[in-house]
Amino acid sequence: MKRNQIALAVGLTGTLLCAACLQDNVVNRSQQDAAEVDATLFATPVRVGGNEAARVECAPASGVEGADVWSFERCRITTALPAGYPAPTPPEALEIKSYPKARRAEFRASMWPDVGRNVGFWPLFNHIKEREIAMTSPVEMDYAGIDGDGKIEKGPWTMSFLYRQPEMGKIEEDGSVSVVDREPVLVLSLGQRGEYETERANEGLAQMREWLERDGRFEAAGAPRSLYYNGPEMRGRDKWSEVQIPIRRRTKQSG
């Protein structure tokens with residue numbers, strides 16, 4: 001791995017990296033089959049709430065090793081997103097968007113997630129360093145430890161570094177790191193700004209659960225996750241992240 005890639009990655013031990021271009025589309029309220037609707041309407045993000053006026057900007061090929069740079073006010077992402085990933089949702093904006101199949105290196109543990117981000121960093125970093133795989137943004141945290149109110153608590157979680165292309169490398173076990181393919185997923189996503197804290201993610205999850213209940217067309221279809229885009233080079237108040245809930249079209253049976 002090139003020296004500047006290593007320097008960038010090492011700088012992420014504290015709070016790490018973590019990918020959503022918005023458009024002014026209106027969500028289709030028809031009763032079409034969910035798979036057909038999702039494929040056609042959410043390939044690009046759809047704004048459904050929050051800050052309706054927020055807009056992200058993209059400066060092509062001006063970031064780390066030619067990566068596109070995404071920005072919103074003082075928030076910036078300078079490391080490449082995985083192939084096919086939507087651009088980041090701006091802070092306080094609520095969007096529905098789809099993610100493609102992705103290959104990722106995963107580290108699993110069960111301590112409090114704010115501690116776990118530091119614990120999981122080095123096994124994942126050493127894995128991509130040994131294979132000369134470039135760092136991407138975001139770093140993803142999937143939370144299986146959820147209480148009865150849907151809040152993240154101490155419990156199982158998975159931290160992932162994303163490969164740039166889904167065909168890179170191979171499926172394998174590498175000590176405490178597993179390389180797997182994550183299937184495409186549709187999510188409700190809230191952009192956030194500030195220090196990477198589980199409590200901030202929980203505040204966002206409460207807001208999204210309220211939206212799902214009011215809207216009535218979608219329901220949760222999996223455990224929540226956070227996407228972290230920046231490392232300690234970005235001031236805490238300007239760190240960019242997203243909290244997401246996998247969703248599906250609500251059926252008559254599910255109410």
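A short reminder: the numbers here are calculations on the coordinates, not readings from a lab. Just so it is clear, the structure is predicted and the values come from calculations on it, not from any experiment. Quick reminder, even Gly has a Cβ in these numbers, built from the backbone with ideal geometry, and neighbours come from all protein chains shown.
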Which of the strands (runs of 3 or more DSSP E) found entirely inside the range 174-255 contain at least 3 residues meeting this: in contact with a helix residue (DSSP H, G or I) (Cβ under 9 Å, 6 or more places away or on another chain) and over 24 Å from Leu162 (Cα atoms)? none
Report whether or not Lys154 is outside any helix (DSSP H, G or I) and surrounded by fewer than 17 Cβ atoms within 10 Å (Cβ to Cβ). yes
Qualifying residue in the range 106-125 (condition: surrounded by 15 or more Cβ atoms within 10 Å (Cβ to Cβ) and among the polar types (S, T, N, Q)): no
Given (1) of a type in the set (A, V, I, L, M, F, W, C); (2) out of contact with any Lys or Arg (no Cβ under 9 Å at 6 or more places or on another chain); (3) in a loop (DSSP other than H, G, I, E, B), number of the condition Phe107 does not satisfy: (3)
Restricting attention to the range 178-186, does a residue exist that is polar (S, T, N, Q), under 16 Å from the mean Cα position of the chain (by Cα) and closer than 28 Å to Phe125 by Cβ? no
Pairs under 7 Å by beta carbon, first residue under 16 Å from Asn230 (Cβ atoms) in the range 59-78, partner surrounded by fewer than 16 Cβ atoms within 10 Å (Cβ to Cβ) and of a type in the set (Gly, Ala, Ser), six or more apart or different chains? Asp68/Ala59; Asp68/Ala61; Val69/Ala59; Val69/Ser62
Given Asp238, Asp181, Asp215, which one is within 23 Å of Glu52 (Cβ to Cβ), acidic (Asp, Glu) and touching a Lys or Arg at 6+ places or on another chain (Cβ under 6 Å)? Asp238
For residues that are under 18 Å from Met111 (Cβ atoms) and in contact with a Phe, Trp or Tyr (Cβ under 7 Å, 6 or more places away or on another chain), scanning just the range 159-178, find the one that is surrounded by the most Cβ atoms within 10 Å (Cβ to Cβ). Met159
Only one of Asp142, Asp114 is under 26 Å from Thr89 (Cα atoms), outside any helix (DSSP H, G or I) and not aromatic (Phe, Trp, Tyr). Can you tell me which? Asp142
